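Heads up: the structure comes next, in structure tokens.
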Amino acid sequence: MRFWAASVVVAVTVLLLLAGGSLPPLRAVDSPISRTVEAYYVENAIRDMDTPNIVSAILADYRGYDTFGETTVVFAAGLACFLLLRRPL
Amino acid sequence: MISRFDSVVVRTAAKILVPFIQVFALYVVFHGAKSPGGGFQGGAMLAASIILTRFTAAPEISLRYLPDLWALRLGGVGVLIYAVVGLLPLLWGAPFLDYGALPIPGVHANEVRALGIEAVEVGVALAVAGIMVSIFDDLAPAGRRERPSGR
């Protein structure tokens, strides 16, 4: 059992290392991630809204819906902890 | 239960540090649209300052910073701020979260978008800070901690 578990770990590790070689290089302009909306964000963030911080502009404006979801998830996690862990004083 | 850290140095240092941490947290939140920072980071720092008082100060003093159930309520208020700021543009026929559509007289649409980002960051900061303190209080209720031994 332990032998099989170890072989699965080794196999997955080797697989991931082999697959990692074919990933696009970091910050490559022609990688699939950079070819969709990224260029639009970088070019228009400063013009669209008065913030020099593009990260904030993307986080809270272009991707505001995601951030709203994140905040709700944080709140839901807190609520779940409250309901599960809290014991009456 | 977590006991109060029984050291004069730690308690005094924490007492002096807490206001500065909170001021810097507010700076990170409110300057988030202009410089590195934002709601998540500033909220985490705000929560850290209050959790520091939970560790070092007496419960009745620490609870004066943020009473027991108010942490969770603060988290809810944060999410509510985000939702309300996001829903406001709907009144002017714009999509959800399109702050630029808000007609604030004398302010250009770009600046309104920046202001919208800022308002939303405040909501995120309150939510993150409140929930972090709330989870800490769930795990170690502030009123029920053991006194340090020998006191």
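The values are calculated or read from the model by the stated rules, or taken from the named source; none is laboratory data. Not measured: the values here are computed from a predicted model. Cβ atoms come from the backbone with ideal geometry, glycine included; neighbour counts cover every protein chain shown.
Tabulated data
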| item | result |
| --- | --- |
| Residues being surrounded by fewer than 22 Cβ atoms within 10 Å (Cβ to Cβ) and in contact with a Gly (Cβ under 6 Å, 6 or more places away or on another chain) - total across region B:55-71 | 1 |
| Matching residues, region A:57-89, being crowded, with 18+ Cβ neighbours inside 10 Å and over 17 Å from residue B:126 (Cβ atoms) | A:57, A:58, A:61, A:62, A:81 |
| Helices (runs of 4 or more DSSP H) fully within chain A counting 1 or more residues that are within 29 Å of residue B:69 (Cβ to Cβ) | A:64-85 |
| Top-ranked residue of region B:96-131 - restricted to ones that are in contact (Cβ under 8 Å) with a residue 24 or more places away in the chain and more than 8 Å from every other protein chain (Cβ to nearest Cβ), ranked as farthest from residue A:78 (Cα to Cα) | B:118 |
| Selected residue (only one of B:78, B:32 is crowded, with 18+ Cβ neighbours inside 10 Å and at pLDDT below 90) | B:32 |
| Among (1) of a type outside the set (Asp, Glu); (2) at pLDDT 85 or above; (3) part of a helix (DSSP H, G or I) - the single one residue B:143 does not satisfy | (2) |
| Residue within region B:4-16 that is under 22 Å from the mean Cα position of the chain (by Cα) and within 29 Å of residue A:86 (Cβ to Cβ) present | yes |
| Residues of region A:38-79 classified as touching a residue at least 12 places away in the same chain (Cβ under 8 Å), more than 9 Å from every other protein chain (Cβ to nearest Cβ) and either closer than 17 Å to residue B:82 by Cβ or small (Gly, Ala, Ser) (or both), total | 3 |
| Residues located in region A:17-53, provided they are more than 30 Å from residue B:110 (Cα to Cα) and surrounded by 10 or more Cβ atoms within 10 Å (Cβ to Cβ) | A:24, A:28, A:31 |
| Evaluation of residue B:93 against (1) within 14 Å of chain A (Cβ to nearest Cβ); (2) on the phi > 0 side of the Ramachandran plot (one fails), failing number | (1) |
